[in-house]
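The values are calculated or read from the model by the stated rules, or taken from the named source; none is laboratory data. Since we're looking at a predicted model, the values are computed, not measured. When we count neighbours, we look across all protein chains shown, and the Cβ atoms used for this are built from the backbone with ideal geometry, even at glycine.
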Amino acid sequence: MAGLYLHIPFCKQACHYCNFHFATSLQQKPELLEVMHLELVGRAPDWQHESIETIYFGGGTPSLLDPPELGSLLQTIRQQYALAPHAEITLEANPDDMHEEKILGWKELGINRLSLGIQSFAQDDLTWMNRAHDADQAKQAIKQAIKHFSNLTADLIYGTPGLTDAQWIQNIQTLIDLGIPHISAYALTVEPKTPLEKQIRLKQKHETNPDQQARQFLILVDTLTQAGFEHYEISNFAKPGFRSRHNSSYWKGVAYLGIGPSAHSYQPPVRSWQVANNRQYIEQIRNQIWIHESETLTWAQQLNESVMIALRTMEGLSRTLIPPAVQEKWKPLIQRYETAGWLVMEADRIRLTNAGKLQADGIAAALFVEEGDQIN
């Protein structure tokens, strides 16, 4: 099994916090979509042995594409790849792009899951982020989408300097009340070379507050678990049966193919990626350069990634994957984190507590192995 990701690198405007690859001009859209078809065809021979279980249109803003443009890409996929009969096909969509005719068009194409970029229902927060939609559009988009799609997810962002705990609770409760079965929520991060990073550096905006972010994360966990959601990954919550199959495949180390500028692919143990520049991407694909760069992960790199990802999930890290010598080396750290209340040891698993999830990156980094730790 494998996943297929298509990066659509266009947005109406730049959200101040975003460091993904995108362009706000649509001038190159026809040419770029043309070469994405070429890439799909050119890379298909290396993926003929894989059943494509999930397709994900991400970006950027894939909902900027017209249904015929999306349909053409899906047609090429169906012609060139072994698409599983009940594949999950997700489209990221922004509220300002959504109306009933377009939503029905997506459904007719076979898209069966929508990922809505809501981020907040507080208008001041949306303005601060430089989002293209307003709070009323966000609510109307959900109401329209839920009439035609049962499998929906919505994104929220917490920890913005002006977001009060009361507003944060209201954001979460609004999604619960509207019947969204999957919610992804992310702490605001200040990425290098973004407008937000520059604004903070120039004292035009306040810095983020780690205590506020930790508090709002715990509010998120408590509110959603009490509402019947599974906290199945640090940033992801789902009603039973509504986990993201595509994202879950990343966390399980499943192979995936990335199409489009800046997209990454993974065929264990090789990771590869495309150039994050639309013009260079177009030129390389026209010259049948299917991979911009690649790396072969070492044993230690693969294990470290598995540790980092598994600790983020509800199931935790299986100790059966870890060599005995490594587990022995971990013992003092594990005891320290248990005493701190950050993790629990079960028969064959290590799981983080809610308090431990606030320290997930640091705990994972402390457990990373080196090449010399490998014991056959």
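May I ask you to list the residues in segment 267-288 that are charged (D, E, K, R) and not in a strand (DSSP E or B)? Correct list: ARG279, GLU283, ARG286.
Each row is one residue, and each column tells you yes or no for (1) in contact with a strand residue (DSSP E or B) (Cβ under 6 Å, 6 or more places away or on another chain); (2) farther than 25 Å from VAL307 by Cα.
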position: PHE229; (1), (2): yes, no
position: ARG243; (1), (2): yes, no
position: SER248; (1), (2): no, no
position: LEU257; (1), (2): yes, no
position: GLY260; (1), (2): yes, yes
position: HIS264; (1), (2): yes, no
position: ILE285; (1), (2): no, yes
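Checking each residue in segment 74-118 for being over 23 Å from GLY260 (Cβ atoms) and in contact with a Cys (Cβ under 9 Å, 6 or more places away or on another chain) picks out no residue at all.
Being within 21 Å of LEU220 (Cβ to Cβ) and either touching a Gly at 6+ places or on another chain (Cβ under 7 Å) or not hydrophobic (A, V, I, L, M, F, W, C) (or both) is the filter here, so list the residues in segment 121-143 that pass it. Those that are within 21 Å of LEU220 (Cβ to Cβ) and either touching a Gly at 6+ places or on another chain (Cβ under 7 Å) or not hydrophobic (A, V, I, L, M, F, W, C) (or both): GLN123, ASP124, ASP125, TRP128, ARG131, LYS139. Scanning segment 152-207 for residues that are on the phi > 0 side of the Ramachandran plot and either touching a Pro at 6+ places or on another chain (Cβ under 8 Å) or among the β-branched types (Val, Ile, Thr) (or both) yields a count of 0. Here is a check on your reading of the model: is GLY42 surrounded by 20 or more Cβ atoms within 10 Å (Cβ to Cβ) and modelled with pLDDT of 95 or more? For GLY42, the condition - surrounded by 20 or more Cβ atoms within 10 Å (Cβ to Cβ) and modelled with pLDDT of 95 or more - is not met. Only residues that are touching a residue at least 40 places away in the same chain (Cβ under 8 Å), in a helix (DSSP H, G or I) and not aliphatic (A, V, I, L, M) were counted in segment 30-63, giving 7. Within segment 64-94, being assigned to a strand (DSSP E or B) and hydroxyl-bearing (Ser, Thr, Tyr) holds for one residue alone: THR90. Only one entry of ILE77, ILE146, ILE118 meets the criterion of being assigned by TED's automatic domain parsing to the domain that holds PRO30, under 30 Å from LEU218 (Cβ atoms), among the hydrophobic types (A, V, I, L, M, F, W, C) and touching a residue at least 40 places away in the same chain (Cβ under 8 Å), and that entry is ILE118. The set of residues in segment 307-334 that are modelled with pLDDT under 95 and of a type in the set (S, T, N, Q) comprises SER318, THR320, GLN327. Residues of segment 228-266 that are of a type in the set (Gly, Ala, Ser) and either in a loop (DSSP other than H, G, I, E, B) or more than 23 Å from HIS7 (Cβ to Cβ) (or both): GLY228, SER235, ALA238, GLY241, SER244, GLY253, GLY260, SER262, ALA263. Close contacts from segment 303-332, counting a first residue that is at negative phi and touching a residue at least 60 places away in the same chain (Cβ under 8 Å) and a second that is among the β-branched types (Val, Ile, Thr) and part of a helix (DSSP H, G or I), with Cβ to Cβ under 9 Å and a gap of 6+ residues or different chains, come to LEU303/VAL326.
When residues in segment 214-237 are screened for being touching a Phe, Trp or Tyr at 6+ places or on another chain (Cβ under 8 Å) and charged (D, E, K, R), 2 of them pass. Within segment 15-29, residues that are in contact (Cβ under 8 Å) with a residue 60 or more places away in the chain reach partners that are aromatic (Phe, Trp, Tyr) and surrounded by 15 or more Cβ atoms within 10 Å (Cβ to Cβ) with beta carbons closer than 7 Å, at six or more positions or on different chains, in the pairs ALA23/PHE10. Determine if segment 346-367 includes at least one residue that is buried (at least 16 other Cβ atoms within 10 Å of the Cβ) and farther than 27 Å from PHE237 by Cα. No - not one qualifying residue is present in segment 346-367. Among the residues of segment 244-255, is there at least one that is surrounded by 19 or more Cβ atoms within 10 Å (Cβ to Cβ), in contact (Cβ under 8 Å) with a residue 12 or more places away in the chain, in contact with a Leu (Cβ under 7 Å, 6 or more places away or on another chain) and not small (Gly, Ala, Ser)? No, there is no match, as no residue in segment 244-255 is surrounded by 19 or more Cβ atoms within 10 Å (Cβ to Cβ), in contact (Cβ under 8 Å) with a residue 12 or more places away in the chain, in contact with a Leu (Cβ under 7 Å, 6 or more places away or on another chain) and not small (Gly, Ala, Ser).
Inclusion of THR223 among residues that are outside any loop (DSSP other than H, G, I, E, B) and more than 23 Å from ALA360 (Cα to Cα) is not warranted. Selection of segment 213-236 for residues being of a type in the set (Asp, Glu), under 18 Å from TRP342 (Cβ atoms) and surrounded by 15 or more Cβ atoms within 10 Å (Cβ to Cβ) yields only GLU233. Checked against the criterion of being buried (at least 23 other Cβ atoms within 10 Å of the Cβ), modelled with pLDDT of 95 or more and in contact with a strand residue (DSSP E or B) (Cβ under 8 Å, 6 or more places away or on another chain), segment 119-134 has at least one qualifying residue.
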